[in-house]
Amino acid sequence: MGIKLYNTLTREKEEFKPLEDNTVRIYSCGPTVYSYAHIGNFRAYIFMDTLRRILKYNGYKLKHVMNITDVGHLESDADEGEDKMEKAARKENKNPYEIAKYYSDIFFKDMKRLNIDEPEIIAKATEHIPEMLKFVEGLVKNGYAYETSKGIYFDISKLDKYPVLSNRKIDEQIAGARVDVDEEKRNPYDFALWIKAPENHIMKWESPWGLSYPGWHIECSAMGRKYLGDQFDIHTGGIDHIPTHHENEIAQSKGLTGKIPAKFWMHVEFLQVDGGKMSKSLGNTYTLDQLQEKGIEPLAYKLFCFTAHYRTKLNFTFEIALSNQKALNRLREGFVKHQEAEENVPEEKIKEYEDKFLEIINDDLNIPTAMGLVWEIIRNPQKSKQYAQLLLKFDEVLGLDLINSKKYLDDAQKVELPEEILKLVEERKKARENKDWALSDKIRDELKEKGYIIKDTKEGMNIEKEIN
Ligand code: AMP
Ligand code: ZN
């Protein structure tokens, strides 16, 4: 059964087939490691991971590159402002390499917490300077690039078409956009390939144009080409990459190789917070740690991301995220019930679910609908180990770590109980020993009011903290 993916380049859902053999070659724009990654960034990586998992589920092998931008990403995508790494280094009184190491270590830890599989190749920009320089030299040689006092610029007028990815007309862009007026540039939308370093710039390398550093776009073009060749299957990123970063990547590759580097260009829509934009100034660029402090696990955030298709906006509020934490617990409980049941389900029923799931996920990653199917199985009154097996198979795509459901539930119950609660639990035990049911119920209500739920089981009393 074929996979259909939406391609920003053609603005259509297209049948996907790898260009070569059974291996899918993917390039994903990775983080700029100057600060903590926020939940908006992680929506992009959850999307990237789901795409990987679906391709694998369909039997494909992967060669997937994700870059780490540790130099050259200026404050604005249109070559304005300072290098984000240098700015962070100055602010934190550290070396930019220390900044990069600190934030990338945390980024990869967070990726693990979200059960995101690491791409086969992680490529740091600072470790690929020779490849980038060669790329730029090639563009100069081909007549697509020229030198100014600031650096080496790409001449967009040399292309047959620019832009090709965004459907905006260049005249509209020029009229409405904020591009710096640089007299030395041949066209307002020419962009920096290589930037001459000011005296106090720490990250800089020898080049034919003196001490300098790469622009952000050339990093991805050069690293993608090194590992995946002149043309590969899929390029991913957030929708913010469409008008500048990816447009410019395409321009550079066309200038050097004559080819658009990827066949499919896939973009994930933005996460919003409280119905608006996420921004540092609004203080709403939350990290996974900040969610965890409020009782929302990283995997509950992932489940929340699964409530919307990757090409639609998703609005984050703590209230909705907390309800997803509860849903995650219910999902785990439902899974364990199936796991512990013996009843048999007809093979055809399982096959029917498998086919349906595959059809749904292969329709441009329709995870919200796939989750509907998962909930249908969870809620099925007929409990069966075979359903648990089926859910584990689906979890190869979802990556919700369902296999460890029991452990998560047990751990959640092992919460340290405050002294006051322990005392009430003891009093209730005594009341029950004395068959004082009225007192027992009264204490149970009191505990509920304080956020603790008592469940009487055959093995004794269970106490759980209510989430929220
Ligand atoms: P950066 O580290 O700023 O280069 O961004 C890393 C990734 O996160 C890019 O693919 C961005 O497109 C993506 N991204 C940034 N903000 C959001 C957001 N609010 N929602 C979804 N993706 C985002
Ligand atoms: Zn990129």
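The values are calculated or read from the model by the stated rules, or taken from the named source; none is laboratory data. Source: prediction; values computed, not measured. FYI the Cβ positions are ideal-geometry reconstructions off the backbone, even for glycines, and counts take in every protein chain you see. For the accessible areas, the whole protein counts, side chains as well, though only heavy atoms, and no ligand, DNA or RNA atoms are used. Shrake-Rupley method; radii C 1.70, N 1.55, O 1.52, S 1.80 Å.
Want the number for Leu417 to Arg90: 0.36 nm per residue separation, take away the alpha-carbon distance, what's left?
Here the answer is 113.3 nm.
Which angle from 0 to 90°, rounded to the nearest 10, does the C-alpha axis of helix 129-141 make with the longest principal axis of the chain?
40
What translational diffusion coefficient, in µm²/s and rounded to a whole number, does the Stokes-Einstein relation yield for region 43-133 at 37 °C and a viscosity of 0.692 mPa s, taking the hydrodynamic radius as the Kirkwood radius over Cα pairs?
Stokes-Einstein gives a translational diffusion coefficient of 218 µm²/s.
Restricting to Cα pairs below 8 Å that are 6+ residues apart, what does the relative contact order work out to for region 415-465? Please round to a whole percent.
26
Can you give me the convex hull volume of the Cα atoms of region 104-261, divided per residue and expressed in Å³?
Dividing the Cα hull volume of region 104-261 by its residue count gives 144 Å³.
At 1.4 Å probe size, with every protein chain present, just tell me what the per residue accessible area of region 273-412 comes to in Å².
About 47 Å² of surface per residue is accessible.
Compute the Cα gyration tensor for region 273-412, then decide on rounded, prolate or oblate, letting a ≥ b ≥ c be the square roots of its eigenvalues: rounded whenever a/c is under 1.5, prolate when a/b is larger than b/c in the other cases, and oblate in all that remain.
In terms of gyration-tensor shape, oblate.
FRET efficiency for Leu439 and Lys406, Cβ-Cβ distance as r, R0 = 30 Å, nearest 0.05?
Efficiency for this residue pair is about 0.35.
Between Lys458 and Gln272, what is the spin-label point distance in nm, taking each point 7 Å from the Cα along the Cα→C-beta axis?
5.2
Defining a contact as two alpha carbons under 8 Å apart and six or more residues distant in sequence, what relative contact order in percent does the chain show?
Answer for the chain is 16 percent.
Would you mind working out the magnitude of the charge dipole of the chain relative to its Cα centre, with +1 at each Lys and Arg C-beta and -1 at each Asp and Glu C-beta, to the nearest 20 Debye?
Taking the Cα centre of the chain as origin, the dipole is about 580 debye.
I'd like the carbon and sulfur percentage of the solvent accessible area for the chain, probe radius 1.4 Å, heavy atoms only, ligands and nucleic acids excluded.
Within the chain, the accessible surface is 49 percent carbon and sulfur.
Multiply the residue gap between Lys141 and Asn344 by 0.36 nm, knock off their C-alpha separation, and tell me the result in nm, one decimal place.
Contour length minus Cα-Cα distance gives 66.2 nm.
From the backbone phi of region 272-289, what are the Karplus-calculated ³J(HN,Hα) couplings (6.51 cos²θ - 1.76 cosθ + 1.60, θ = phi - 60°) in whole Hz, Gly and Pro given as x?
10, 10, 6, x, x, 6, 8, 7, 4, 5, 7, x, 10, 8, 5, 9, 4, 4
Within the set of other residues whose C-beta is less than 10 Å from the C-beta of Ala145, count the net charge using Lys and Arg as +1 and Asp and Glu as -1.
Around Ala145, the charge tally is -2.
So if I place +1 on the C-beta of Lys and Arg and -1 on the C-beta of Asp and Glu, and nothing else carries charge, what would the dipole magnitude of region 415-465 be about its Cα centre? I want it in debye, nearest 20. It would help to have the intermediate numbers written out before the result.
On the way: 13 positive and 14 negative charges, 39 e Å.
So the dipole magnitude of region 415-465 works out to roughly 180 debye.
When the Karplus curve 6.51 cos²θ - 1.76 cosθ + 1.60 is applied with θ = phi - 60°, which whole-Hz ³J(HN,Hα) does each residue of region 231-246 get, with x for Gly and Pro?
9, 10, 7, 9, 10, 10, x, x, 4, 5, 7, 4, x, 10, 4, 6
Helix 96-113: angle to the longest alpha-carbon principal axis of the chain, degrees 0 to 90, nearest 10?
40
Measuring from label point to label point, each 7 Å out along Cα→Cβ, what is the Gln290 to Lys109 span in nm?
With each label point 7 Å from Cα toward Cβ, the separation is 1.8 nm.
Out of residues 5 or more away from Gln272 or on other chains, whose amide H comes under 5 Å of its own, with H placed 1.01 Å from N in the peptide plane?
Residues meeting the criterion, in which the H sits 1.01 Å from N, are Leu314, Asn315, Phe316.
Which listed residue (Leu422, Ala438, Gly451) has the Cα farthest towards the positive end of the charge dipole for region 415-465, taking +1 on Lys and Arg C-beta and -1 on Asp and Glu C-beta about the Cα centre?
In region 415-465, that residue is Ala438.
Suppose R0 equals 35 Å. What FRET efficiency, 1/(1 + (r/R0)^6) with r the Cβ-Cβ distance, do Lys313 and Arg432 give to the nearest 0.05?
Numbers: r = 52 Å, r/R0 = 1.47.
For R0 = 35 Å, the calculated efficiency reads 0.10.
Want the number for Glu446 to Leu392: 0.36 nm per residue separation, take away the alpha-carbon distance, what's left?
15.5 nm
Enter the Cα centre distance for the pair region 113-149 and region 25-48, rounded to the nearest angstrom.
18
With the other protein chains left in place, how much accessible area per residue, in square angstrom, belongs to region 415-465 at a 1.4 angstrom probe?
Details: 3820 Å² over 51 residues.
About 75 Å² of surface per residue is accessible.
Convert each backbone phi in region 394-407 into a coupling constant with the Karplus relation 6.51 cos²θ - 1.76 cosθ + 1.60 (shift: θ = phi - 60°), then list the ³J(HN,Hα) values in order as whole Hz, x for Gly and Pro.
In residue order, the calculated couplings are 4, 5, 4, 8, 7, x, 9, 6, 4, 4, 9, 3, 4, 4 Hz.
Using Cα positions and a limit of under 15 Å, work out the aspartates and glutamates in reach of Lys259, with same-chain residues fewer than 8 apart set aside.
Within reach: Asp160, Asp230, Asp233, Glu247, Glu249.
What percent do you get for the relative contact order of region 1-152 when only Cα pairs under 8 Å and 6+ apart count?
22
What is the angle, in °, between the Cα long axis of helix 347-361 and the longest principal axis of the Cα atoms in the chain? Nearest 10 is fine, range 0 to 90.
Helix 347-361 and the main axis of the chain meet at about 40 degrees.
Starting from the 7 Å offset along Cα-to-Cβ, what nm value, one decimal, do you get for the label separation of Asp117 and Lys161?
3.4
Over the alpha-carbon set of region 3-268, work out the extent along each principal axis and list the three values in angstrom, largest first.
51, 45, 34
By what distance, in whole Å, do the Cα atoms of the chain stretch along each of the three principal axes, largest value first?
91, 55, 37
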